1. Among the strands (runs of 3 or more DSSP E) contained in segment B:31-126, which hold 3 or more residues that are touching a residue at least 40 places away in the same chain (Cβ under 8 Å) and touching a strand residue (DSSP E or B) at 6+ places or on another chain (Cβ under 8 Å)?
2. Against the definition (assigned to a loop (DSSP other than H, G, I, E, B), modelled with pLDDT of 95 or more and in contact with a strand residue (DSSP E or B) (Cβ under 9 Å, 6 or more places away or on another chain)), how does residue A:23 come out, yes or no?
3. Can you pull out every residue in segment A:82-105 that is farther than 23 Å from residue B:87 by Cβ, within 12 Å of chain B (Cβ to nearest Cβ) and surrounded by fewer than 21 Cβ atoms within 10 Å (Cβ to Cβ)?
4. Consider residue A:6 against the criteria (1) loosely packed, with under 15 Cβ neighbours inside 10 Å; (2) away from every other protein chain (no Cβ under 14 Å); (3) at pLDDT 95 or above: it satisfies all of them except one. Which criterion is unmet?
5. Among A:115, A:122, which is modelled with pLDDT of 95 or more, crowded, with 20+ Cβ neighbours inside 10 Å and more than 14 Å from chain B (Cβ to nearest Cβ)?
6. Which residues, counting only those in segment A:20-35, are over 15 Å from the mean Cα position of the chain (by Cα) and surrounded by fewer than 16 Cβ atoms within 10 Å (Cβ to Cβ)?
């Protein structure tokens, strides 16, 4: 299993996540666009999750809620572009920081041995990006990518 | 008439536009959210414009086309948040540069003499921000802000 690479250059509002999976772009897209699978992979393992809406097509919207003993964390956004098996561009807002909206671009590219997942998140400021990193972003991203790999292994 | 201030710090993916208008936030919001008025203010004066869609509410979408003798320039996006009289957060893509999607946050704040319009655009890279500036962004923004002021004067 190739590891997840997270790149967040200092002084910029960008975060980039790269991961290779032993699957086809179509297999990976099927999972990341499936409303019923969102709670199986998105976010840290230890949180309970509920999906209110997850309409992964151009013009659709999503909202999901993570819960731990301390409380609830809701996230929402809209899908700007969804090109099956290739590309998802969406907005992303943690409702606990209202108005601090990111734009995220996920590309799925076939490689010799599988598929390369790449996601760029652009924050509205360097400060909001840094706060997100300090809030434990890396743990959530690593869990999400590992859980995706496990789902792909189960499906194949 | 207070002038338009455009701030695009070197080496960042940000552009900020600020303008004060002698109007209420509600008067300004009414114009910027009205599909039938988009062609009256958005973009350079000398271009013909057509609006295909402009559904300025949370979850809505828009697409419009500018034309000159050289060709057509289409723009599209989705509305992440629309709070009447206060806030619009939307995506923005020039279809001539597909996949280079910005996020734009417009706030309308009452002042002692009217309303302060502020819009931040965040580009997916410093390079795409710089290309947008070089393509004549300043002219388009200044025309848009002046045309808004003219429409407000006409309506009142």
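1. Working: elements: B:48-54, B:61-68, B:71-83, B:87-94, B:102-110, B:115-122.
Qualifying strands (runs of 3 or more DSSP E): B:102-110, B:115-122.
2. Against the criterion (assigned to a loop (DSSP other than H, G, I, E, B), modelled with pLDDT of 95 or more and in contact with a strand residue (DSSP E or B) (Cβ under 9 Å, 6 or more places away or on another chain)), residue A:23 qualifies.
3. Passing the criteria: A:82, A:83, A:86, A:87, A:105.
4. (1)
5. Of A:115, A:122, the one residue that is modelled with pLDDT of 95 or more, crowded, with 20+ Cβ neighbours inside 10 Å and more than 14 Å from chain B (Cβ to nearest Cβ) is A:115.
6. A:22, A:26
The values are calculated or read from the model by the stated rules, or taken from the named source; none is laboratory data. Computed from a prediction, not measured in an experiment: that's the story for all the values here. Note that each Cβ is placed from the backbone with ideal geometry, even for glycine, and that neighbours are counted across all protein chains shown.
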